[in-house]
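Shown next, in structure tokens, is the structure this report addresses.
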Amino acid sequence: MSKRKSMEDDNAASPTTAAAPAKIATMRIVGPDGKGIVAAFGQLLYGHGCNIVDAEQHTDVEARRFFQRIVFDYSSLHTDKTSLNNGIGEVCTRFGMTHAIDWGESKKKVCIMVSKYDHVIWEFLLRHKAGELPCEIALIISNHDDL
């Protein structure tokens, strides 16, 4: 009889640990275009224990302006929000940029304006119910009596 344990035995014997719920923030960066901007912000977030979930960037060539939107999970933040914000400020100063962060701690109130076709409102309501639209629907307005 073999005394070797299989990986299944190890997994069954060890308690499962649930991952911390995601804490999602969105950072917007604007300033003059230059080399190393994306790398600097990526390294900064990584160094503080954050994970980039989504990132988009655009350069307006004529205006020589750089725009970036970074969505990141800060549930494993090694420091605190103040330290991270100070680090972001330092990188922005180095590149002559400005930034804004939405920590995602409050839901925005929205109004949905509906036209004649009901499939659009149903799509919004289904996505909201499924948690895909992190907002509070405060008002729905239609310009038709039957909708």
Open item on the list: Which of the numbered conditions does G49 fail, given that it passes all the others? Conditions: (1) at pLDDT below 95; (2) out of contact with any strand residue (DSSP E or B) (no Cβ under 8 Å at 6 or more places or on another chain); (3) small (G, A, S).
Closed with: (1)
- [ ] Of the numbered conditions (1) farther than 15 Å from G104 by Cβ; (2) open to solvent by 20 Å² or more (accessible area, probe 1.4 Å), R69 fails exactly one; give the number of that condition.
- [x] (1)
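Need at least 1 residues that are small (G, A, S) and at pLDDT 90 or above per element, so show me which strands (runs of 3 or more DSSP E) inside the stretch 89-147 make the cut, counting only ones lying wholly within it.
98-102, 135-142
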- [ ] Would you be able to tell me the number of residues in the stretch 92-135 that are farther than 22 Å from A22 by Cβ and not aliphatic (A, V, I, L, M)?
- [x] 16
TODO: Tell me which residues, restricted to the stretch 34-75, are among the polar types (S, T, N, Q), part of a strand (DSSP E or B) and more than 17 Å from V91 (Cα to Cα).
DONE: N51, T59
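Residue check: is F66 out of contact with any Pro (no Cβ under 8 Å at 6 or more places or on another chain) and not assigned by the TED database to the domain that holds I137?
Working: out of contact with any Pro (no Cβ under 8 Å at 6 or more places or on another chain): no; not assigned by the TED database to the domain that holds I137: yes.
Against the criterion (out of contact with any Pro (no Cβ under 8 Å at 6 or more places or on another chain) and not assigned by the TED database to the domain that holds I137), F66 does not qualify.
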- [ ] Please indicate, with yes or no, whether at least one residue in the stretch 57-80 is at pLDDT below 95, among the basic types (K, R) and within 18 Å of the chain's Cα centre (by Cα).
- [x] no
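I'd like the full set of residues that are closer than 16 Å to S76 by Cα and over 14 Å from the mean Cα position of the chain (by Cα), limited to the stretch 26-56.
The first filter runs over the stretch 26-56 and keeps only residues closer than 16 Å to S76 by Cα, leaving 26, 42-53.
Listed by number, the residues that qualify are Q43, L44, Y46, G47, H48, G49.
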Task: Members of the stretch 81-135 that are more than 22 Å from I24 (Cβ to Cβ) and open to solvent by 90 Å² or more (accessible area, probe 1.4 Å) - done: E90, T93, R94, M113, K116, Y117, H119, W122
TODO: Consider only pairs whose beta carbons are under 6 Å apart and that are at least six residues apart or on different chains; among these, list those whose first residue lies in the stretch 20-49 and is closer than 17 Å to P134 by Cβ and whose second residue is of a type in the set (A, V, I, L, M) and surrounded by 13 or more Cβ atoms within 10 Å (Cβ to Cβ).
DONE: A25/I101; T26/V71; M27/I70; M27/I101
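The values are calculated or read from the model by the stated rules, or taken from the named source; none is laboratory data. Values in this document were obtained by computation on a predicted structure and should not be read as measured data. Every residue, glycine as well, gets a Cβ built from its backbone with ideal geometry; the counts of neighbours run over all protein chains shown. Side chains are part of the model used for accessible areas, which takes the heavy atoms of the whole protein and leaves out ligands, DNA and RNA. Shrake-Rupley method; radii C 1.70, N 1.55, O 1.52, S 1.80 Å.
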